[in-house]
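Some notes on the structure that comes next.
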Amino acid sequence: MNIEIINIGDELLIGQVINTNAAWMAEQLNLSGFRAYQFTVISDSRDHILHALAEAAERAEVVLISGGIGPTKDDITKHTLCEYFNTHLVFNEEAYRDVEAMFARRGWPVTELNRQQAELPENCTGIPNKVGTARGMWFEEQRSDGGLTIFVSMPGVPFEMKAMMTDYVIPRLKQTFRTPFIFHKTTLTQGVGESFLAAKIEGWENSLPANIKLAYLPQPGIVRLRLTGEGLDEDALHCQVETEIVTLQKLIPEYIFGYDDESLEMIVGRMLLEKHATLATAESCTGGTIAQMITAVPGCSAYFKGSVVAYANEIKEHILGVSAENLEQHGAVSREVVTEMVTSLQSKFNVDYAIATSGIAGPDGGTPEKPVGTIWIAIATPDEVIAEKFFFGDSRERNIRRSALQALNMLRRKLKNQ
């Protein structure tokens, strides 16, 4: 079954408002066993709306519409739907009582514009709006093949649309259509590129059952592997997907750091708490990004002591105690300097673990010996200090992000092994 989502509003097309409605609607549909087939964004134009509705009816069994049903003159969706379905507006007493009750609670009078919110197309079923005044509209149109195409029009205001989808639209769709269960499981990897990862797990991917699909979702520093399974037996489907995850774990254990909505900073924080251990960071090229990620996790004060953003060499030397000789002989971006940064920090802050970064984030500052994207990362543990060099490319933003993630993952591995 195909579901098309149509979002109406000039503000979406000029970039004034980000179209979050479509993403939320698609996610909620998917969780209930439905799949969005297409997103369409159109203007507040009669011709555009009529054309989009006619096209959607050719390819979808369900058309979900949001936007353009408010009380102002630019809200033309309701009138255009009347034209499309060859009907007219009628006054709905139940809808008007809802409008009156809402305005009474707020101590406001009902204006003529608000009264018009109770006018609905004669051949639709009104959808209650618990948090606003504009009712949704449910239409059913007979197709030439004998089936029905369902059209649902909802407000564009996100919290009004979400209430209708949750309380009315999705439950009624589930009553109308029998859908399979859909189960997603996402494996999070770090420290490996998408193409290398694909080659590494090619055999496993090719052997996946027909009802399980793999999607690669890369972002700077991380590749997410999402398995999506479909089946009529929910428990059996979960078991089937989890079995494939176990096989994947055995193929790439060194790259997997978590699952689903976990983040590296959350995982590292949890491991530090379990060990009753403390952490500090000394950051040059990452400019405090690692500290920001760590402190975004609630409860981090139990394990994170602080950070030094040692961007200039004099800060490395006079605050962290890096020797002028190493800075002069090896340069700030070197094993020697990043090792001194992390050992000095560990001592000064009296922490169990420490992270230090130094590199050339770009876009300039590189040399033939140390091109842009050269990054040194050091980790100090209670037992040892390690330092590794990486080459991340020429994008400043990506270099900072990838360096921070790499540093956290290096620490995660050490925490796991110890």
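A short reminder: the numbers here are calculations on the coordinates, not readings from a lab. All values derive from a computational prediction rather than experimental measurement. Positions of Cβ are generated from backbone atoms using ideal geometry, with glycine treated the same way; all protein chains shown enter the neighbour counts.
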Could you sort the peptides 155-168, 61-74 by per-residue average Cβ neighbour count (10 Å cutoff), highest mean leading? 61-74, 155-168
In Å, what Kirkwood hydrodynamic radius results for segment 1-83 from the alpha-carbon pair distances? 13.2
Can you tally the net charge around Gly9? Count Lys and Arg as +1, Asp and Glu as -1, for every other residue whose Cβ sits under 15 Å from the Cβ of Gly9. -3
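What does the charge add up to near Tyr168, with Lys and Arg as +1, Asp and Glu as -1, over the other residues with Cβ less than 14 Å from its Cβ? Display every interim value, and only then the final one.
Details: positive: Lys130, Arg135, Lys162, Arg172, Lys174; negative: Asp98, Glu160, Asp167.
Local net charge: +2.
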The simple spin-label model distance between Glu83 and Asp261, using points 7 Å out along Cα→Cβ, in nm, is 4.3
Listed by chain and number, the lysines with an alpha carbon less than 23 angstrom from that of Lys78, same-chain partners under 8 positions apart left out, are Lys130, Lys162
Distance-filtered residues of segment 220-236 - backbone nitrogen under 16 Å, label point 7 angstrom along Val297 Cα→Cβ: none
Which whole-Hz couplings ³J(HN,Hα) result when phi for each residue of segment 394-405 is put into the Karplus expression 6.51 cos²θ - 1.76 cosθ + 1.60, θ = phi - 60°, listed in order with x for Gly and Pro? 10, 9, 4, 4, 5, 4, 5, 5, 5, 5, 5, 5
Counting Lys +1, Arg +1, Asp -1, Glu -1, what net charge surrounds Met137 among other residues with beta carbon under 12 Å of its beta carbon? -1
Given Cβ charges of +1 for Lys and Arg and -1 for Asp and Glu, the option among Gln175, Asn7, Trp138 whose Cα lies farthest towards the positive end of the dipole of segment 3-176 is Gln175
For Glu328 and Glu384, compute 0.36 nm times the residue count separating them, minus their Cα-Cα distance, and round to one decimal in nm. 17.6 nm
Would you kindly work out the equivalent ellipsoid of segment 181-259 from its C-alpha gyration tensor and give its semi-axes, the square roots of five times the eigenvalues, largest first in whole Å? 22, 12, 11
³J(HN,Hα) across segment 111-127 via Karplus (A = 6.51, B = -1.76, C = 1.60, θ = phi - 60°), whole Hz, x for Gly/Pro? 7, 4, 4, 5, 4, 5, 5, 8, 8, 10, x, 4, 9, 9, 9, x, 10
Sites Asp145 and Val110 - FRET efficiency at Förster radius 35 Å, r taken between beta-carbons, to 0.05: 0.20
Helix 93-106 vs. the chain, principal-axis angle (Cα, 0 to 90°, nearest 10): 50
Per 5 angstrom bin, beginning at 0 and ending with the bin that holds the maximum distance, the Cα pairs of segment 3-176 fall in percents of 1, 8, 18, 22, 22, 15, 9, 3, 1, 0, 0
Among DSSP beta bridges lying fully in the chain, give the percent that are antiparallel, nearest 5. 65
Distribution of pairwise C-alpha distances over the chain, 20 Å bins, in %: 22, 37, 31, 10, 0
With +1 on the Cβ of every Lys and Arg and -1 on the Cβ of every Asp and Glu, the dipole magnitude of the chain about its Cα centre, in debye rounded to the nearest 20, is 840
Along segment 204-213, Karplus-curve 3J(HN,Hα) (6.51, -1.76, 1.60; θ = phi - 60°) to the nearest Hz, with x for Gly and Pro, reads 5, 4, 5, 9, 4, x, 4, 8, 10, 10
So if we plug the beta-carbon distance of Asn417 and Ala57 into 1/(1 + (r/R0)^6) with R0 = 56 Å, what FRET efficiency do we get, rounded to 0.05? 0.40
Net lengthening on full extension, Thr125/Glu194 (0.36 nm per residue, minus Cα-Cα): 20.0 nm
What FRET efficiency comes out for Lys73 versus Thr166 if R0 is 51 angstrom and r is the Cβ-Cβ distance? Round to the nearest 0.05. 0.95
Unit charges on C-beta of K, R, D, E only; dipole of segment 264-417, Debye: 660
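Give the percent of DSSP beta bridges with both residues in segment 3-176 that are antiparallel, rounded to the nearest 5.
Percentage antiparallel, nearest 5: 45.
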Rg/Rh for segment 264-417, where both radii come from Cα atoms and Rh is the Kirkwood radius: 0.95
